[in-house]
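**Q** Starting off with a structure, shown below.
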């Protein structure tokens, strides 16, 4: 499957919590990294998702928030992945930031150039990538 989103993660479904309309799906990625998505119950049925099934999580780079010094912060985003900045591509308007989060997984974000400067991001430095569970699209082969 080819998609335009920079963040595609493969994992196995390790949990499904059904609600009245939506379900919370947890994928365990390589290295044991948990990723949480909220999708409709209809999508669960259409995709045939069950615990143990393989699935992909897709997140647009523009949906990722980058932060530093967040270890003691409390945020509502379900997905908070901290790691090492592997790559930065600076532009006059936007900056691409790749954060290695373990298990061979990298989260790519596109943030404003001003935010990159304010955060003083540097390759090899520490940063956290955050995104809401509702920003995740789940797919199966």
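**Q** How many residues are buried (at least 19 other Cβ atoms within 10 Å of the Cβ) and assigned to a loop (DSSP other than H, G, I, E, B) when one looks only at segment 127-141?
**A** 1
**Q** Could you check, for segment 37-56, whether at least one of its residues is under 28 Å from residue 18 (Cβ atoms), surrounded by 18 or more Cβ atoms within 10 Å (Cβ to Cβ), assigned by TED's automatic domain parsing to the domain that holds residue 17 and within 11 Å of the chain's Cα centre (by Cα)?
**A** The answer is yes; a qualifying residue exists.
**Q** State the number of residues belonging to segment 13-36 that are exposed (fewer than 14 other Cβ atoms within 10 Å of the Cβ) and closer than 18 Å to residue 106 by Cα.
**A** Number of matching residues: 3.
**Q** Is it the case that segment 27-38 has a residue that's out of contact with any strand residue (DSSP E or B) (no Cβ under 7 Å at 6 or more places or on another chain), within 26 Å of residue 115 (Cα to Cα) and outside any strand (DSSP E or B)?
**A** Checked against the condition, which is being out of contact with any strand residue (DSSP E or B) (no Cβ under 7 Å at 6 or more places or on another chain), within 26 Å of residue 115 (Cα to Cα) and outside any strand (DSSP E or B), segment 27-38 yields no hits at all.
**Q** Condition test on residue 100, is it assigned to a loop (DSSP other than H, G, I, E, B) and either in the same structural domain as residue 44 (by TED's automatic domain parsing) or touching a residue at least 12 places away in the same chain (Cβ under 8 Å) (or both)?
**A** So residue 100 fails the test.
**Q** Here is a follow-up. For residue 60, which of the numbered conditions (1) at pLDDT below 95; (2) out of contact with any strand residue (DSSP E or B) (no Cβ under 6 Å at 6 or more places or on another chain); (3) buried (at least 16 other Cβ atoms within 10 Å of the Cβ) fails to hold?
**A** Here residue 60 clears every test but (1).
**Q** Restrict the check to segment 112-126 and report whether at least one residue is within 14 Å of the chain's Cα centre (by Cα), over 30 Å from residue 42 (Cα atoms) and either surrounded by 14 or more Cβ atoms within 10 Å (Cβ to Cβ) or not assigned by TED's automatic domain parsing to the domain that holds residue 27 (or both).
**A** no
The values are calculated or read from the model by the stated rules, or taken from the named source; none is laboratory data. No experiment lies behind these values; they were computed from the predicted model shown. With ideal geometry, Cβ positions are generated from the backbone for all residues, glycine too; neighbour counts draw on all protein chains shown.
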